[in-house]
Amino acid sequence: MNIVLENRKKKDDEIEIILLKNTEKLPNKTQKILDKINFKNSNFNTYFEISSKKIFVYMKNKDRESIKIALSKALKVTKKHIDFYIGIKSLNKELKIEDLVQGFILGSYEFLKYKKKEKKEKRLCINIKNSKEQTKDLQKRLQDSLSLCQSVNFVRDIVNTPAQDFYPKTMANEALEIAKKKNMSCSIYGEDYMQENSLNAIYAVGRASRHESQLIHLSYKASNHAGMRTKNPKAKIVLVGKGVTYDTGGLSLKRGDGMVSMKCDKAGAISILGVMKYLSQSNLDIEVHAILGAVENMIGSNAYKPDDVIKIGNKTVEITNTDAEGRLVLADCLVYAQKNINNIDYILDLATLTGSSIGAFGGYTSAVLGHSEKLKNKISKASKRSGELIGFLPFNIYMQDILKSGVADILNSSANKNGAAIIGSMFLDNFIEKKYKKKWLHFDIAGPSYRKVNWGYNPYGATGAGVRLVVEFLKDISVKNQ
Ligand code: BES
Ligand code: ZN
Ligand code: ZN
């Protein structure tokens with residue numbers, strides 16, 4: 001374990017991290033230097049006092065996100081040291097152990113799979129001397145936060161892995177690995193099953209790939225202390241994920257520069273795997289089904305084509321753009337879920353669905369759409385607790401005919417691309433049964449799941465967006481489901 005809670009002074013070789021606001025009194029010498037370098041000129045400025053082995057980080061505000069960002073900035077000041085110490089005055093309302101863990105574990109993540117550099121695991125000692133809480137409770141919260149952060153980093157590792165090393169079968173194997181844990185079970189379906197069970201869209205999208213498409217059904221059911229399945233879990237949740245292990249666009253081929261990074265197109269499914277990994281180490285009193293569509297969208301003589309008509313559930317879809325493949329895969333997964341799982345309380349789908357969601361909100365925010373204000377409220381609260389940003393996009397009646405087709409029931413993509421994130425979601429809405437309309441939310445995570453910049457405590461590349469948000473939502477409904 002790389003974070004410990006101890007009641008002790010800083011050791012000689014440890015670097016102390018000091019998060020500074022305006023009010024703290026510092027030794028004169030240090031204060032003078034900080035004034036000289038205009039330390040308080042910008043948020044998250046850092047100063048490393050080598051003689052005393054202290055890193056100071058300036059924070060304009062001590063809100064929860066700022067604490068995570070400040071901690072991650074401190075870690076970047078020195079490459080040489082790996083032992084850190086934080087001597088917080090008290091772990092109180094302002095300074096939560098969860099935030100220290102997230103800042104530290106998420107902020108020190110590096111993707112080194114394809115680099116010569118070796119991973120140096122950083123360590124942190126949190127001094128809990130003045131904590132008002134029982135050590136046992138703090139330890140429990142530490143374990144829970146570590147488990148969550150490790151799940152986020154697990155997602156980052158996979159999403160960063162290129163398609164040469166991660167394809168639908170690899171995803172199925174990861175799910176089977178998680179299913180070895182108690183409370184978990186998993187079924188994997190290949191292309192024969194898809195053809196026999198009319199899962200025509202997922203089959204069509206993946207047909208030109210040399211890798212067989214996979215439909216993954218991984219589930220979690222809470223158990224009691226005796227290991228028996230709980231009779232009445234608080235809620236039954238279905239999580240549907242877009243797992244396009246590579247998106248070339250298919251025959252509606254992407255331009256070269258637009259294709260770069262499309263290894264990230266599996267992020268929806270992988271974030272859900274991350275949530276399931278977390279659940280496998282928790283004991284939340286809920287039942288959760290992950291339905292993941294794992295396919296590679298390629299070109300080839302057997303590729304699906306614009307003009308093809310594909311039947312999904314009881315609707316026919318005219319393909320106008322093979323690059324709008326995610327919604328096809330998700331639609332089949334949604335149909336599968338509603339057919340095979342009964343009495344669902346919530347259906348959430350996560351997908352890197354459209355570049356348009358990035359256009360709407362900038363790259364840091366997931367776009368969320370749904371029909372229930374109450375459910376949107378719940379997810380807003382989860383967003384605030386988790387630190388993940390969300391923004392809502394509205395359905396609207398003026399766009400309702402935009403997917404009208406001359407030859408089939410609907411088009412998979414409209415000619416006019418304005419508002420594509422809304423249109424993508426409207427397409428999915430066609431495959432949500434009436435009784436589930438108000439129980440469904442769609443998350444377009446195309447922006448925050450993968451960015452080619454470091455931001456806050458997120459690294460270049462994959463971020464694990466969606467994991468903390470969904471886990472917060474699940475935690476909430478596992479205590480009270482109304
Ligand atoms: N995988 C892409 C969306 C995407 C874009 C993800 C940028 C991450 C970053 C998706 O399959 C796609 O190509 N969407 C099209 C939809 C269009 C054809 C309606 C898009 O966004 O242009
Ligand atoms: Zn696409
Ligand atoms: Zn895609």
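Among the residues making up region 444-482, those that are surrounded by fewer than 24 Cβ atoms within 10 Å (Cβ to Cβ) and on the phi > 0 side of the Ramachandran plot are Gly456, Gly461. Tell me, please, whether a residue that is of a type in the set (A, V, I, L, M), surrounded by 11 or more Cβ atoms within 10 Å (Cβ to Cβ) and assigned to a loop (DSSP other than H, G, I, E, B) can be found in region 20-32. Checked region 20-32: at least one residue is of a type in the set (A, V, I, L, M), surrounded by 11 or more Cβ atoms within 10 Å (Cβ to Cβ) and assigned to a loop (DSSP other than H, G, I, E, B).
Going by the structure shown, is Ala290 in the same structural domain as Ile344 (by TED's automatic domain parsing) and assigned to a strand (DSSP E or B)? Considered against the rule, which asks whether it is in the same structural domain as Ile344 (by TED's automatic domain parsing) and assigned to a strand (DSSP E or B), Ala290 comes out as yes. If you filter region 264-298 down to residues that are of a type in the set (D, E, K, R) and under 17 Å from Asn153 (Cβ atoms), you find that the one that is surrounded by the fewest Cβ atoms within 10 Å (Cβ to Cβ) is Lys277. Residue by residue through region 155-170, note down the ones that are within 16 Å of the chain's Cα centre (by Cα) and open to solvent by less than 30 Å² (accessible area, probe 1.4 Å). Once the filter is applied, which keeps residues that are within 16 Å of the chain's Cα centre (by Cα) and open to solvent by less than 30 Å² (accessible area, probe 1.4 Å), region 155-170 yields Val155, Arg156, Ile158, Val159, Asn160, Thr161. Among the numbered criteria (1) touching a residue at least 40 places away in the same chain (Cβ under 8 Å); (2) surrounded by fewer than 24 Cβ atoms within 10 Å (Cβ to Cβ), which one does Arg255 miss? Arg255 satisfies every listed condition except (1).
Residue count for region 321-375, restricted to those that are away from ligand 3 (no atom under 16 Å from the Cβ), open to solvent by 20 Å² or more (accessible area, probe 1.4 Å) and not hydroxyl-bearing (Ser, Thr, Tyr): 12. With respect to the conditions (1) over 13 Å from the mean Cα position of the chain (by Cα); (2) near ligand 3 (Cβ under 9 Å from one of its atoms); (3) closer than 14 Å to Leu328 by Cβ, Met262 lacks only one, and its number is (3).
From the list Leu411, Leu441, the lone residue that is open to solvent by less than 30 Å² (accessible area, probe 1.4 Å) and over 17 Å from the mean Cα position of the chain (by Cα) is Leu411.
Counting residues in region 127-147 that are open to solvent by 50 Å² or more (accessible area, probe 1.4 Å), more than 30 Å from Val479 (Cβ to Cβ) and outside the structural domain of Ser386 (by TED's automatic domain parsing) gives one or more.
The values are calculated or read from the model by the stated rules, or taken from the named source; none is laboratory data. Quantities reported herein were computed from a predicted structural model and do not represent experimental measurements. In this analysis, Cβ positions are derived from the backbone assuming ideal geometry, glycine residues included, and neighbour counts consider all displayed protein chains. Side chains included, ligands, DNA and RNA excluded: accessible areas come from the protein's heavy atoms. Shrake-Rupley method; radii C 1.70, N 1.55, O 1.52, S 1.80 Å.
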